[in-house]
Structure formats: structure tokens, C-alpha cells
Amino acid sequence: MKLRDLKRSNYRHFQIIPTRWMDNDIYGHVNNVNYYSYFDTAVNQYLIERGVLDIHQGEVVGFVVETACSYFRPLAFPDAVAAGIRVARIGNSSIRYEVGLFRNDDEEIAAAGHFVHVYVDRRSGQSVPVPAATREVLAAIHI
């Protein structure tokens with residue numbers, strides 16, 4: 001990712017996620033493993049709120065097959081995380097999401113990452129095309 005792409009204004013949708021006391025590590029900031037949880041929460045909440053992800057009964061689900069994160073500034077309890085999301089690529093059966101984490105109202109990014117969902121049939125585990133309704137919803141945050 002290029003630094004110019006990591007501005008708050010470059011993300012299409014924001015999900016506010018409160019940090020928890022237990023997110024902090026011995027060094028007094030959010031432990032790195034929690035950042036991936038914030039990514040997952042922001043994207044899946046977006047999909048659930050728009051009615052294209054049914055985590056219990058949906059026939060098609062997205063499996064995460066790739067993740068990465070770059071850390072720039074610390075987050076710590078009791079910060080609120082503003083998780084900005086955008087879609088960088090919509091493939092036949094996969095989606096690449098990019099997520100920027102911002103501390104409270106800061107303009108400077110705290111962390112930037114991505115993950116890739118591959119859509120699969122829940123029963124067979126075989127990849128399937130991204131559903132049309134999901135494509136339509138993701139078009140709104142595609143860059």
C-alpha cells in the first residue's frame with residue numbers, strides 16, 4: 001500500500017469498534033493479534049447489516065485465506081477504533097478488503113491491513129462465485 005492511500009478519506013465506510021481492557025498487553029497498548037479481530041469485525045458487520053451475510057444459515061460463506069497488517073501508531077484501551085473499509089478487488093470467487101484503523105478521530109492511520117475472502121459453499125467447502133447481491137453491496141465501497 002502506498003502511504004497516500006492510507007488517508008482516512010480514502011476509506012468508503014467506517015465501523016466504530018470500542019477497545020476493551022483485555023485488548024491491552026503488558027506494554028500498555030492493544031496487542032497485535034487484536035488488530036485482525038478488528039478487521040474481521042468491521043467487514044463482517046458491514047456485510048451482516050446489508051443483509052448479504054447470514055453467519056448461521058447462509059448457504060455461501062466467505063473464508064479468510066490471506067491477511068496482512070502494517071502497524072504505524074499504537075491503539076490502547078479506552079480508545080475507540082474507527083475501522084475504515086474498502087474493497088480493492090472483486091474476483092470471480094474472492095474479495096480483497098483493505099482496512100485502515102484510526103484511533104478515535106485521528107486523521108493519521110494507526111494500522112493498515114488487508115484480507116481476502118474466498119466464497120465457498122457451506123456444505124461442500126468448494127469455492128463458488130461471489131453472490132450477485134454481495135457484489136452489488138460491495139460495489140458501494142469498491143475503489
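Tabulated values for the structure
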quantity	calculated
Matching residues in the stretch 39-98 - criterion: being closer than 24 Å to N24 by Cβ, surrounded by fewer than 16 Cβ atoms within 10 Å (Cβ to Cβ) and aromatic (F, W, Y)	F72, F77
Test: residue in the stretch 44-59 that is of a type in the set (A, V, I, L, M, F, W, C) and touching a strand residue (DSSP E or B) at 6+ places or on another chain (Cβ under 6 Å)	no
Residue check for V118: in contact with a Phe, Trp or Tyr (Cβ under 6 Å, 6 or more places away or on another chain) and more than 30 Å from Y27 (Cα to Cα)	yes
Residues of the stretch 10-22 satisfying the condition of being in contact with a Gly (Cβ under 9 Å, 6 or more places away or on another chain) and part of a helix (DSSP H, G or I)	N10
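Table: residues versus (1) of a type in the set (D, E, K, R); (2) touching a His at 6+ places or on another chain (Cβ under 9 Å).
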residue	(1), (2)
Q45	no, no
D54	yes, no
F63	no, yes
F72	no, no
A80	no, no
L101	no, no
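Every number here is computed from the coordinates shown, using simple stated rules; none is lab data. For clarity, every value in this text was computed on a predicted model and none was experimentally measured. When we count neighbours, we look across all protein chains shown, and the Cβ atoms used for this are built from the backbone with ideal geometry, even at glycine.
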